[in-house]
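K.L.:
Got a structure for you, written out below as structure tokens; questions coming shortly.
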Amino acid sequence: MNTPRFFISLRSIQNDDGNYMKTLIVYYSRTGVTKKVAEILKARLADLAYDCDIEEIVDTKDRKGPMGYMMGGRDALREYLTEIKPTTKNAVNYELVIIGTPVWASNMAPAIRTYISAQKDKIKKVALLATYGGSGYEKTFKRLGDLVGVQPLATLDLKTADVMQDKIEEKMNEFVKKLQ
């Protein structure tokens, strides 16, 4: 994958000791858009010699195609949990967890709801990112924050079209600066 390069100040995301916070990026992506953003963010943090891991949350339910899209939206709207594949990273081992989700019916994807429900007591600090085609990210961020139970350090909302056209540099830089 050809990852776009963005400039970010080297004075980013430090803990109280002046060291970079150990960070986990977890995300769910049905179409690959949220995955692309998570990977770009991981690359940005890696460019800073940042201690950052990434983990994709995998929904065992088939959400492909038009029917998967419709059922996913319905499940998100009804705030259903789903079955996800076991994760390999434990949120308790990270100072900061960045959670990424597509916006479905002004809500998070069921796989992210399931992950947060299992991990929320282990999350110390959180930042949120959402990708969307139309609208609803504000409600999604509120619902994510309420479910995690921790006020997010920063939020990043990106339109799908902007992600696909690599027009996310400014918002990505603002997001990282807010994490300082």
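K.L.:
If you scan segment 50-70, which residues turn out to be on the phi < 0 side of the Ramachandran plot, outside any loop (DSSP other than H, G, I, E, B) and either modelled with pLDDT of 95 or more or surrounded by fewer than 16 Cβ atoms within 10 Å (Cβ to Cβ) (or both)?
P.N.:
Taking segment 50-70 as the starting set, the residues that turn out to be on the phi < 0 side of the Ramachandran plot are 50-64, 66-70.
So of that shortlist, the ones also outside any loop (DSSP other than H, G, I, E, B) come out as 52-56, 59, 66-70.
Asp53, Ile54, Glu55, Glu56, Asp59, Pro66, Met67, Gly68, Tyr69, Met70, listed by residue number.
K.L.:
Can Asp75 be described as among the charged types (D, E, K, R), in contact (Cβ under 8 Å) with a residue 24 or more places away in the chain and either in a loop (DSSP other than H, G, I, E, B) or touching a helix residue (DSSP H, G or I) at 6+ places or on another chain (Cβ under 8 Å) (or both)?
P.N.:
Numbers: among the charged types (D, E, K, R): yes; in contact (Cβ under 8 Å) with a residue 24 or more places away in the chain: yes; either in a loop (DSSP other than H, G, I, E, B) or touching a helix residue (DSSP H, G or I) at 6+ places or on another chain (Cβ under 8 Å) (or both): yes.
When the stated conditions are applied, Asp75 passes them.
K.L.:
Right, something else. Let me confirm something: among Val176, Val92, which residue is more than 18 Å from Ala38 (Cβ to Cβ), part of a helix (DSSP H, G or I) and β-branched (Val, Ile, Thr)?
P.N.:
Numbers: Val176 fails: more than 18 Å from Ala38 (Cβ to Cβ).
Step by step, each of Val176, Val92 is checked, and only Val92 is more than 18 Å from Ala38 (Cβ to Cβ), part of a helix (DSSP H, G or I) and β-branched (Val, Ile, Thr).
K.L.:
Looking for something surrounded by 15 or more Cβ atoms within 10 Å (Cβ to Cβ), of a type in the set (A, V, I, L, M, F, W, C) and under 15 Å from Thr23 (Cα atoms) - is there at least one such residue anywhere in segment 152-159? Steps first, please.
P.N.:
Quick first cut of segment 152-159, residues surrounded by 15 or more Cβ atoms within 10 Å (Cβ to Cβ) only: 152-159.
When the remaining residues are screened for being of a type in the set (A, V, I, L, M, F, W, C), the result is 153-154, 156, 158.
Now restrict to residues that are under 15 Å from Thr23 (Cα atoms): 153-154.
There is at least one residue in segment 152-159 that is surrounded by 15 or more Cβ atoms within 10 Å (Cβ to Cβ), of a type in the set (A, V, I, L, M, F, W, C) and under 15 Å from Thr23 (Cα atoms).
K.L.:
Still on this structure, please answer the following. When segment 23-59 is examined, which residues are found to be of a type in the set (Ser, Thr, Tyr) and either closer than 15 Å to Ala127 by Cα or in contact (Cβ under 8 Å) with a residue 40 or more places away in the chain (or both)? So that I can check it myself, show each step before the final result.
P.N.:
Start the filter on segment 23-59 by keeping residues that are of a type in the set (Ser, Thr, Tyr), which leaves 23, 27-29, 31, 34, 50.
Thr23, Tyr27, Tyr28, Ser29, Thr31, Thr34 - these are the residues of segment 23-59 that are of a type in the set (Ser, Thr, Tyr) and either closer than 15 Å to Ala127 by Cα or in contact (Cβ under 8 Å) with a residue 40 or more places away in the chain (or both).
The values are calculated or read from the model by the stated rules, or taken from the named source; none is laboratory data. Note that the coordinates shown come from a computational prediction; the quantities given were computed from them, not determined experimentally. Cβ: placed from backbone, ideal geometry, glycine included. Neighbour counts: every protein chain shown.
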